[in-house]
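Remarks on the structure that follows.
Every number here is computed from the coordinates shown, using simple stated rules; none is lab data. Note that the structure is predicted; figures quoted are calculated from it, not measured. Methodologically, a virtual Cβ is constructed for each residue, glycine included, from the backbone with ideal geometry; neighbour enumeration extends over all protein chains shown.
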């Protein structure tokens, strides 16, 4: 079995069916045996879910011990009833896990605006907590319990050596629609047995999110519930990372690798998607400029529909880059399709003669790579997106029915 969150020392999990959804698991608990350094990044949407409102302050001291997540109901735009439900959810987790309520981070995902099923969730937590296990199956059950319109569970695991010990980092995520994070209904939970100062962990997570989860898009919508959170319990026994030294860089490298893996899984499961598109912007004025251009191109409905139609309408890519709010010389742009033996379409913004059959073959692939070279600096960025299909409209037109 592939390693997952329960292969991290001191981490137990479970995923249960508590009756919010008709026939799928809908409650996940991830628990650290010891209090852990923690950090989280939340949605930048002004409209936020009740769990985020209730738990933001729990990160003030950088310590958590449990993630508790329900699916099937977003508990967003639910007013006083939803906030009471969120607080009851925290209380139930703290009581049954015997930890301070400030060490609990809750999340919800599902339909926005529906009354929160507080009684089902509280009873579900009470029944699920005693079942927590470090068996691999338990980690996968938790990964399945946080899904909504996803078609598969999203799990990841990396490890590396430090001071004679193996450090483990693992995570689960969910997301299929409302994906355009600004830290979509996107959730991610990461655990590690490394020891690290909470302030450094916060910095590492934010940087990784900017380069991974913030570089994906399915439909351009940022949800009310977006959360990426991490707990590091130090149970590997290695010295605590207290400064940005070689140990920090090694941890950061592997954390970014895990986040990128989970982010790409989300895009590959985009609602109605038939294509996974990787966008590279090279030699931009800065990394930030490159990220802006990637996000603008990948979120363009015209680019997405061209990809779905397997139409090499590269003019849409150039037009999107030009409205990203980045200054560059439009007469010096190079454009390629593909990574292995990339096919050049533009050179210095002039069309390049190419084999259209080769380009059409690349467009028929389920994995398409677009490379845009601005020849305007040293900035680089990579991002990931999907196409926009008929099925996306159908899925979202019928979402509550």
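At R0 = 22 Å, how high is the FRET efficiency between residue 83 and residue 111 if r is their beta carbon distance? Nearest 0.05 is fine.
It comes out at approximately 0.80.
For the chain, what does -39500 (n - 2.57) per DSSP helix run (n ≥ 4), summed and divided by total residues, give at 222 nm, in deg cm²/dmol to the nearest 500?
Working: 11 runs with 128 residues, N = 401.
Only helices count here, giving -10000 deg cm²/dmol.
With the radius of gyration and the Kirkwood radius both derived from the Cα set of the range 310-350, what is their ratio Rg to Rh? Provide the component values of the computation, followed by the final result.
Working: Rg = 10.9 Å, Rh = 11.1 Å.
Ratio of gyration radius to Kirkwood radius: 0.98.
If you wrap a convex hull around the C-alpha atoms of the range 59-182 and split its volume per residue, what is the figure in Å³? Walk me through the intermediate numbers first.
Numbers: hull volume 19.4 nm³, N = 124.
Once divided by residue count, the hull of the range 59-182 is 157 Å³.
Looking only at Cα atoms, what is the convex hull volume of the chain per residue, in Å³? All intermediate terms of the calculation are to be shown ahead of the outcome.
Numbers: hull volume 55.5 nm³, N = 401.
That works out to 138 Å³ per residue.
Where the centre of each part is set by its Cα atoms, how far does the range 116-157 sit from the range 298-365, in angstrom?
Taking the Cα centre of each part, the range 116-157 and the range 298-365 sit 42 Å apart.
Fully extended, how many nm does the chain gain between residue 165 and residue 98 (0.36 nm per residue separation, minus their Cα-Cα distance)? Intermediate results must be reported in sequence, preceding the final value.
Values: separation 67, 0.36 × 67 = 24.12 nm, distance 3.00 nm.
The span from residue 165 to residue 98 would gain 21.1 nm if fully extended.
DSSP beta bridges in the chain, what fraction antiparallel, as a percent rounded to 5? Each step should come with its number before you reach the end.
Values: 52 of 76 bridges.
Among the beta bridges of the chain, antiparallel pairing accounts for roughly 70 percent.
For a label point 7 Å from the Cα of residue 339 along Cα→C-beta, name the residues of the range 292-324 whose backbone N is under 18 Å from it.
Only 294-295, 298 pass the distance filter.
Give me Rg/Rg_expected for the range 276-397, where Rg uses Cα atoms only and Rg_expected = 2.2 N^0.38 Å with N residues. Mind showing how you got there, number by number?
Working: Rg = 14.0 Å, N = 122, 2.2 N^0.38 = 13.7 Å.
Normalised Cα radius of gyration, the range 276-397: 1.02.
Counting other beta carbons within 10 Å of each Cβ, put 14, 314 in order, fewest first. Don't skip to the end; give the middle numbers.
On the way: 14 25, 314 19.
Arranged by neighbour count, lowest to highest, 14, 314 become 314, 14.
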